[in-house]
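Down below is the structure, laid out as structure tokens.
Computed from the coordinates by the stated procedures, all read-outs in this text should not be read as laboratory data. Since the model is a prediction, treat every value here as computed from it, not as a measurement. All Cβ positions, even for glycine, are placed from backbone atoms using ideal geometry, and neighbour counts span all protein chains on display.
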Amino acid sequence: MRILIILFLLMLSVPCYCETSGELVAKCREYDGKNITLKGEIIGEVAKRGGNAWLNISDGNYGIGVFAPISMIPVISHTGNYNAKGAVVSVAGTFHRACSEHGGGLDIHATTIKLVNHGYFFQHAIQSDRIRAVLFLGLIAIIVISLYHLKTIKGERRNEVD
Amino acid sequence: MIPKPTIIDIKSIGYYLGRLIIGYGLLLLIPFVISMFYGEYSDSLNLAIGLFCCLIAGYGLLLFCPQTSTLAWMQGMVIASLAWLLFMLFGAIPLYLSGYFNSYLDACFDSMSGLATVGLPLFQDLDHASHGIKMWRFLQAFVGGQGMILIAMIFLGRVGGVSGLYAGEGREDRILPNITHTAREIWKITCIYLCLGTIALWIAGISAGFSWKESFWHGLWLFISSWDTCGFAPQGMGMIYYHSMAMELITMICFIMGSMSFVLHYTLLSGNRREIFKDIEIMAFVISITVLFTILCVSLQQNNIYPNIACLVQKGIYILMSAHTTTGHQTVYPSQFISEWGQIGMCVLIIAMAIGACAGSTGGGIKVLRVGIIIKGIIQDIIRLVSPSSAIIKDKFHHIKDTFLDDRIVRVALSITFFFALIYGIGALIGIFYGYPCLNAIFESVSVASGTGLSCGITVSSMPDILKIVYIFEMWAGRLEFMSVLALVGFGMALMKR
């Protein structure tokens, strides 16, 4: 009997692994208050407030807010924006469908945050066909604008003569 | 009966459309400069392509359609409806080239969504978008919210007959007798609030832990999005990204103020503060919000959605106000409307979105003023029925000034309401036809046509193309409030007459 109780308690304490943020949002009632693990890219900025911080992680489906003490957050060199692929972290913590501490929002209160990869900067390649298109369209625009102004000047002169 | 348009009429329309497209295109210089500043050269090129396309099309029209006469009322209406479609097509060029859309149709959808201040995005990976492209999206919302009369004022110079353009955008109220002066006052009011709102959101962003640079952009964009009741957000998560009650509160103040009539703003800023307590529209708005919020609270409380009253009020009031002002800022995930808020919650939001904001504001929907007039008209009819036939029943309402409630005013309000109900229904039926549940289809259709932009999950890139086109039509017709759309249809039919 004691073994069964221990096994049952062990089952409760094992984090419920889920694959996507989509699943968390869709089955938020099921996961409410449970320990979960979510892996995703840190997007935007890490918002530090007092001794805690908010980070938003996205696995490509939804972005979910993660609330954690600053000391728990690993050193992050990149967060996801136009110029960078953000660091990927694996967050373990308690999932809240409607967090009473944070205005009823859906969030995760982290217990551990593991850095999976650091992220990286990337340069958006400038496509040569876009440069050619800009030059071509710019040239046409200059011609059309010039023609319009020539026509306007001619019209004004004609009016003056009349 | 519309007389068959002459070649002079067509050239006149072409001329003013050309000028408007040039003005709209020149706005692309703003995101272009921002993109260059941030070293986003790839998107700078995309924005430059959009700019040159506008200049070629605009000057091309000027070349072939020289100015012939001042604008007639009908021409103004036709220009208003056509300009919105052309703005969508040209505005979508840099968006599509940026690579964040699966198709040009998606980019057009997003462009119209901004212009019509709907705020439903089909943007893929918004979190990795450039500052330039984000700025362009918000600028489109700004142009759409303020009305292209502003562009006309800036880029057309002195134009006779702009009243057709003004009315063509679904605007009736005038701050001053002259339309150009009215547009200038709208611009001044917006600039005052733009500065105040951006600074407030900037400070809130910094105090919420974000960097001062990004807080500035987010503050500016969120203000534009809130004031113009658009609902676009700089991040894919929308308002959820900020986890900040202060930012929610400031945006809520901004979109409530944005949903109020510009004439009322002008009257209040002129020192006539009592006006707010007398206006039929404000009274109807307060009653509507109170009733709907009470129903929503009872429903959410019964379903035990939120852990305490504070959370319930915070979420409930924000989303209800966001729906009623047709803004569409969301602090819950789309699927939570279905799984959490339930049928009553969704119905409350549908009613709020359908009624919409105040007339003469940046908001959409049927408009609270019209609903107030219709209700007053019904009450007047009931009184007439129970009164002796010799009795003369006269009622009046106060909206900026006292107006007698005659049958013509009630009829106009009923006509616009009928057209809104029609497109709400058509959009919903097509949604149902494509297999979406009835309530979800109604929710999305009302949200689109009223210019709200709350989504229960139907509007995604993978939805059927036909539905995207229907929604684009709903956004366009709903924003213009049908008059100029009907004028365009009439003009087209007259053009085909032998």
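Out of everything in segment A:52-109 that is surrounded by fewer than 18 Cβ atoms within 10 Å (Cβ to Cβ) and of a type in the set (A, V, I, L, M), what residue ends up being nearest to A:Gly33 (Cα to Cα)?
Only one residue tops the list, namely A:Ala92.
Mind checking whether some residue in segment B:458-466 is touching a residue at least 12 places away in the same chain (Cβ under 8 Å), crowded, with 20+ Cβ neighbours inside 10 Å, over 17 Å from the mean Cα position of the chain (by Cα) and not in a helix (DSSP H, G or I)?
Yes: one or more hits.
Taking the stated definitions as given, is B:Gly345 touching a Leu at 6+ places or on another chain (Cβ under 7 Å), crowded, with 18+ Cβ neighbours inside 10 Å and in a helix (DSSP H, G or I)?
yes
With out of contact with any Phe, Trp or Tyr (no Cβ under 7 Å at 6 or more places or on another chain), of a type in the set (S, T, N, Q) and assigned to a helix (DSSP H, G or I) as the only criterion, which of B:Ser390, B:Ser415 stands out?
Unique residue meeting the criteria: B:Ser415.
It is to be established whether one or more residues within segment A:56-68 are within 12 Å of chain B (Cβ to nearest Cβ), without any contact (Cβ under 8 Å) to a residue 40 or more places away in the chain and over 27 Å from B:Gly457 (Cβ atoms).
For segment A:56-68, residues within 12 Å of chain B (Cβ to nearest Cβ), without any contact (Cβ under 8 Å) to a residue 40 or more places away in the chain and over 27 Å from B:Gly457 (Cβ atoms): absent.
Which residue, of B:Leu385, B:Leu429, is of a type outside the set (Asp, Glu) and either in contact with a helix residue (DSSP H, G or I) (Cβ under 7 Å, 6 or more places away or on another chain) or surrounded by 14 or more Cβ atoms within 10 Å (Cβ to Cβ) (or both)?
B:Leu429
With the requirement that a residue be more than 19 Å from B:Leu86 (Cα to Cα) and touching a residue at least 40 places away in the same chain (Cβ under 8 Å), what does segment B:12-35 give you? Give the derivation first.
Initial filter on segment B:12-35 (more than 19 Å from B:Leu86 (Cα to Cα)): B:30-35.
Passing the criteria: B:Ile30, B:Pro31, B:Phe32, B:Ile34, B:Ser35.
Consider B:Ser244 carefully, then state whether it is closer than 26 Å to A:Arg97 by Cα and either of a type in the set (Ser, Thr, Tyr) or away from chain A (no Cβ under 14 Å) (or both).
Yes: the conditions hold for B:Ser244.
Quick one: in segment B:50-91, which of the residues that are among the polar types (S, T, N, Q) and either surrounded by 22 or more Cβ atoms within 10 Å (Cβ to Cβ) or free of Cβ contacts under 8 Å to residues at least 24 places away in the same chain (or both) is farthest from the other protein chains (Cβ to nearest Cβ)?
Result: B:Ser81.
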